[in-house]
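Structure record follows, encoded as structure tokens.
The values are calculated or read from the model by the stated rules, or taken from the named source; none is laboratory data. Keep in mind that this is a model prediction, so the values were computed, not measured. Here the Cβ is made from the backbone with ideal geometry for all residues, glycine too, and neighbour counts use every protein chain on show. The accessibility values were calculated without ligands, DNA or RNA, using every heavy atom of the protein model including side chains. Shrake-Rupley method; radii C 1.70, N 1.55, O 1.52, S 1.80 Å.
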Amino acid sequence: MTSVAIPSTKTRCVTCAKEKRAVRCEGCLQLFCYDHFLTHREDLNKRLDDIEISRDLFRQALNEQTNHPQIHLLIKQIDQWEKDSIKTIQQTASDCRQLLIQHTTKHVHQIESNLTKLTNQLRDLRQENDFNEYDLDQFQQKTKQLAEQLDQLSNITVREESTQLINKISVVMAFAGGQVIPQVIHETKRKWKQFGVTVAGGAGEGGQLNQLFYPDDIYIDDEEQRFYIADSSNHRIIKWKLHSTNGHVVAGGNGQGNRINQLNQPTHVALDKTDDSFIICDRGNGRVLRWSRSNDANNQVIISNIDCSCVALDSYGNIYISDWEENEITRWKYGDTRGTVVAGGNGKGNHLNQFYHPSYVSVDEDQSLYISDCENHRIMKWSKGAKEGILVAGGHGQGSSLTQLSSPTGLAIDRLGNIYVVDCYNHRIVRWSKGAREGTVVVGGNGRGKQPNQFSCPTGVALDRQDNLYVVDWGNNRVQKFDLENE
């Protein structure tokens, strides 16, 4: 900054108001006496210092933003979306290949079988030399039919549809003066038919093979196209095929008791295909059983003295137990005599490292756990090795708004990471997408009742390979199937 001295003329100083020889500041164009001009310069230097300090703080903030963990979390979320989308595409392609191979193999085998029969009939006819024009017409017609069946195999095509296969992802920025909105948005357009079809039970409360009695949960075996139900108050595990009117008892069913061939209020079943056995949460007996599918003599108690409400298996064969009273999830490796606490275990409460009666647990491929924290009315996710969970659904007190849950029980995770929650006392199934602040009702939510679009305190939910929903309708003693709508 420059200044101009006025040597002879005395002028009033803007600071002290005295007439003295003055110096004009070319910045503010004010006149100062020599003393106050120096003070003015000091003020200007101080302002310059403050600006440099602000500059340094901004540079620090910029450096911190460049390495901000939120950026890495968002990139991780995008990477996960990419992984899930690729998995969905690969699974769809695999399903199409399998369908094509199965269909072709089945029909080729059928044509070969019919051709062999025709060949044998022609040979026998010629050997016996006993035929007429009618017989020849019949054989000619059969040959034509075989040719038509062969032509049908060549008419198979692959059709691409414009419907959405994967969730859309986008990055949305918050502009100055605008509303701050989530950085990453997932869109889900899938819908399910609102009126369910009863695929098990529904014939009233009872113990016949076409009935259920307060069923708790369901396990779907896509490969064998059947499902297994923990038929709690009938003290049995019952197998049901699609389109069947009756089930078949595969475990228990020998009355309520604690013998090795009996169950007492089983609440959950999982299938361990590595040794062809069921893992059963035999809650009334305070134990977990390994029940052989081939020989009841091989049944064994693998965990005792535990208030188990749910069991789950990971891809390594580890068993996860939800302990209702101890408010913890324990992991049991093969041969363990004592479980390892992997979630909770810090007493009853509503902190992020606590539960209040956990009711259901599910494990994903990364060994992350999803837990229905029933009396806290929330769903928690615990990553492998974590000391506390992350709230992923509910957690705003008991209620019926889309941000709330009421005593959640069963849950299912789809291939895109969406969570389907059995909102028991709201009589509905609610989907929570990744990062969502509220859920979306996918089926139910029409009050308590027994109509096809209603539930009575549902307890279990599962998705099959085609993402059709199966809901265990506890109070109505039935299992309802809700087909995914074609877009």
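The alpha carbons of the range 11-66 give a radius of gyration and a Dmax of 17.1, 56 Å, in that order. Semi-axes of the equivalent ellipsoid for the range 219-309, computed as √(5λ) from the eigenvalues of its C-alpha gyration tensor and ordered from largest down, come to 20, 14, 12 Å. A cut-off of 5 Å between modelled amide H atoms, ignoring neighbours fewer than 5 places along the same chain, links residue 21 with 11. Around the amide H of residue 355, modelled in the peptide plane, lie the amide H atoms of 345, 346, 349, all under 5 Å away and 5 or more residues distant in sequence or on another chain.
This model, with +1 at the C-beta of Lys and Arg and -1 at the C-beta of Asp and Glu, gives the range 266-333 a dipole about its Cα centre of some 200 debye. Here the spin labels are modelled as points 7 Å beyond Cα on the Cα-Cβ line, and at residue 387 and residue 353 they lie 0.6 nm apart. When the solvent-accessible area of the chain is split by element, carbon and sulfur atoms take up 49 percent of it, the probe being 1.4 Å. The mean of 1/r over all pairs of different alpha-carbon atoms in the range 85-141, once inverted, gives a Kirkwood hydrodynamic radius of 14.5 Å. When nucleic acids and ligands are ignored and a 1.4 Å probe is applied, residue 431 ends up with an accessible area of around 20 Å². Cross-linked pairs 191/381; 191/241; 193/481; 348/384; 87/384; 87/191: Cα-Cα separations exceed 18 Å for 191/381; 191/241; 348/384; 87/384; 87/191. The alpha carbon centroids of the range 384-436 and the range 300-361 are separated by 19 Å.
Value of Rg to Rh for the range 321-396, rounded to two decimals, is 0.94; Kirkwood radius and Rg both from alpha-carbon coordinates. Rolling a 1.4 Å probe over the protein heavy atoms gives the range 213-282 an accessible area of 40 Å² per residue. Expressed as an acute angle from 0 to 90° and rounded to the nearest 10, what is the orientation of the C-alpha long axis of helix 34-66 relative to the principal long axis of the chain? Approximately 10 degrees, to the nearest 10. Simple point charges give the picture: +1 on the Cβ of Lys and Arg, -1 on the Cβ of Asp and Glu, and for the chain a dipole about the Cα centre of about 1820 debye. Its DSSP H runs of at least 4 residues, each contributing -39,500 (n - 2.57), put the calculated 222 nm mean residue ellipticity of the chain at -8500 deg cm²/dmol, to the nearest 500.
Volume per residue for the range 416-475 equals 74 cubic angstrom (convex hull of Cα atoms).
Divide the volume of the convex hull around the Cα atoms of the chain by the residue count and you get 251 Å³ per residue. Modelled spin labels at residue 225 and residue 333, positioned 7 Å past Cα toward Cβ, are 4.0 nm from each other.
Taking the longest Cα principal axis of the chain as reference, the axis of helix 69-128 is set at about 20 degrees. Ranking 295, 218, 352 by Cα position along the charge dipole of the chain, where only Lys, Arg, Asp and Glu carry charges on their C-beta atoms, puts 352 farthest toward the positive end.
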